[in-house]
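A.B. asks: Structure provided below as structure tokens; questions to follow.
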Amino acid sequence: MSNVPLVDLKLQHEQIADEVDKGFSEVLAVGDFIGGRAVSAFEAAYASFVGVPHCVGVGNGTDAIEMALRAVGVGSGDEVILPANTFIATAEAVLRAGAIPVLVDVDDQTLLIDPTCVKQALTERTRAVIGVDLYGQVPQYEALVDVLERRSIVIVEDGAQSQGATRGGRTAGSFGVIAATSFYPGKNLGAYGDAGAVTTQDPGLARRVRLMGAHGSGKKYVHEEFGFNSRLDTLQAVVLKAKLGRLSEWNAQREAAARRYIDLLSGEVAVRLPSVLPGNAHVWHLFVVRVPNRDDLLRELREAGIGAGIHYPVPIHLQPGMAMLGYPPGAFPITERAAASVVSLPIFPGISNSQLERVAEVLLAWVSAR
Ligand SMILES: *Cc1c(COP(=O)(O)O)cnc(C)c1O
């Protein structure tokens, strides 16, 4: 019986191995391990890919969100609205910026932030709203803008799962006044370790983020702002630059795989397929279906050698580490129902038709045996 992993990163490495070896040798020869040409080359290439003038590489995606929030002036006592259905890092970044995370429920179709819920959560202390491009598609940022009552509330994009996604012709990383992304190895654009970036149209915000990640310093021995250490590692920049050149092709392969799953699984009422918002190009970071009796399916898939994931099994407001937020069970019903029913099926560039068919076969057999 063939094994189907949830993701297979080796397939990507094979394609860029020579370029990475060459780039690493150049860095080793010059010795510019912090900053250096590889970092600026990647930042320029990624900014142009996103379609904004500025990209600042940082240490990881969680830092990127915190730094984006701090750059727009979010701080102590401010409320920041974010979807309850996201990776916990989105909420951690708000807390680390000194602000209060205010969670809202998501849309039942897409499981993305619901603008109507955002409207209900606004208070005079709301300072920012984080739109999370969950699973690989962008939420309705134009609807988020519409519900904000004041211009002083800013939209920040968490684009950790959406490199290359578009909405209405705009690319993920260009929504909101500032956007954060993660290059964690498993993301659509993944490094060989931790890495992240902030992208923006605003040169002032870009400069603040760059200073912040370099101990508040733009000039040696002068620390003009509060800062810390969070920079894009030079060797990671080599990997990211090589991968960026293939990202559109890899995203197209994810799209083809998603279409194949949809063909194979549609018509099966017990399997709720992902839905794509009109105007969106989805990049299928994850292919998330919803089923009743999820844990039973998960066991079945694992027994058949299929790597399935759950994104996410426990919503952040019910995590012990977020108990201080004070949300009771039942606070976000759509998010909580999703947590009990979502399954992420294997998807990655280079997944074969026979692997996709094998996953669908096991899933459909489970459905008809129930
Ligand atoms: C991965 C991820 C992050 C955090 O990125 P790290 O690089 O792991 O710090 C933040 N938000 C979302 C939605 C993510 O998927």
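Each reported figure results from applying straightforward, stated rules to the coordinates on display, with no laboratory input. What you see is a predicted model; the values in this text were computed from it and never measured. Ideal geometry is used to build each Cβ from the backbone, glycine not excepted, and the neighbour counts take in all protein chains shown.
A.B. asks: Need a quick list: helices (runs of 4 or more DSSP H) entirely within region 266-370 having at least 3 residues that are more than 20 Å from the chain's Cα centre (by Cα) and of a type in the set (Val, Ile, Thr). Please lay out each step first, then the result.
C.D. replies: Numbers: elements: 294-303, 333-341, 353-369.
Correct list: 353-369.
A.B. asks: Which numbered condition in (1) within 16 Å of the ligand (Cβ to nearest atom); (2) in contact with a Pro (Cβ under 7 Å, 6 or more places away or on another chain); (3) outside any loop (DSSP other than H, G, I, E, B) is the only one that residue 191 fails?
C.D. replies: (3)
A.B. asks: Another question, if that's okay. Looking at (1) within 20 Å of residue 34 (Cα to Cα); (2) away from the ligand (no atom under 16 Å from the Cβ); (3) surrounded by 20 or more Cβ atoms within 10 Å (Cβ to Cβ), which one does residue 219 not meet, given that it meets all the others?
C.D. replies: For residue 219, the failing item is (3).
A.B. asks: Take region 201-219 and flag every residue that is outside any helix (DSSP H, G or I) and farther than 16 Å from residue 231 by Cα. Step through it out loud before you land on a result.
C.D. replies: The first filter runs over region 201-219 and keeps only residues outside any helix (DSSP H, G or I), leaving 201-202, 213-219.
Selection gives 201, 202.
A.B. asks: Name the pairs whose Cβ atoms lie under 7 Å apart, with the first residue in region 108-119 and touching a residue at least 40 places away in the same chain (Cβ under 8 Å) and part of a loop (DSSP other than H, G, I, E, B), the second surrounded by fewer than 16 Cβ atoms within 10 Å (Cβ to Cβ) and among the polar types (S, T, N, Q), and 6 or more positions between them or separate chains?
C.D. replies: Final answer for the pair search is 109/275; 110/275.
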